[in-house]
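Peer 1: First the structure, then my questions, so here it is.
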Amino acid sequence: TDPGVAPGSEASISGSLLPLAIQPPVAPLAPPASAPAAAVSEASYDAHGVLVPVYSRTRRAPPYALVDEDGQVLKYVSPSPGLNLHRYLGKRVGVVGQRGYLPTLEARHVTAQRVIQLDRHQR
């Protein structure tokens with residue numbers, strides 16, 4: 001077993017990152033067909049998806065990722081100073097912030113300045 005990889009983890013991103021315990025949520029992530037306003041509101045975010053923690057052997061990776069309903073990474077996320085993202089783990093969120101690209105990981109990234117819990121916001 002690789003000492004830098006979490007036991008029982010099978011996913012690997014760029015050989016150095018592992019989203020932890022990504023499991024499909026109980027409720028579907030896609031907005032209902034009768035809610036076109038929900039789809040429009042998601043377009044106003046710099047990123048959206050389910051927030052999960054990221055494990056990195058190198059510690060140069062962002063601490064979080066946004067994943068789709070299949071567990072595929074959409075974007076990596078770093079918090080702005082003073083922003084606590086931990087309370088949003090496992091929740092479907094929209095992120096407003098600075099978009100960028102991480103050439104070392106060949107991945108899209110956003111530095112979160114504001115986070116909105118989408119399921120709660122759309123009720």
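Peer 1: Could you check how many residues of region 27-58 are modelled with pLDDT of 75 or more and of a type in the set (D, E, K, R)?
Peer 2: Here the count works out to 2.
Peer 1: Starting from residues that are free of Cβ contacts under 8 Å to residues at least 40 places away in the same chain and surrounded by 13 or more Cβ atoms within 10 Å (Cβ to Cβ), keep the ones in region 81-96 and report whichever is nearest to L118 (Cα to Cα).
Peer 2: So, considering only residues that are free of Cβ contacts under 8 Å to residues at least 40 places away in the same chain and surrounded by 13 or more Cβ atoms within 10 Å (Cβ to Cβ), the one nearest to L118 (Cα to Cα) is Y88.
Peer 1: Take the residues in region 66-80 that are over 11 Å from H48 (Cα atoms) and charged (D, E, K, R); name whichever of them is surrounded by the most Cβ atoms within 10 Å (Cβ to Cβ).
Peer 2: E69
Peer 1: For region 73-105, name all the residues that are in a loop (DSSP other than H, G, I, E, B), of a type outside the set (S, T, N, Q) and farther than 23 Å from R120 by Cα.
Peer 2: Within region 73-105, P81, P103, L105 qualify.
The values are calculated or read from the model by the stated rules, or taken from the named source; none is laboratory data. Just so it is clear, the model here is predicted, and its values are computed rather than measured. So basically every Cβ, Gly included, is an ideal-geometry build from the backbone, and we count neighbours across all protein chains shown.
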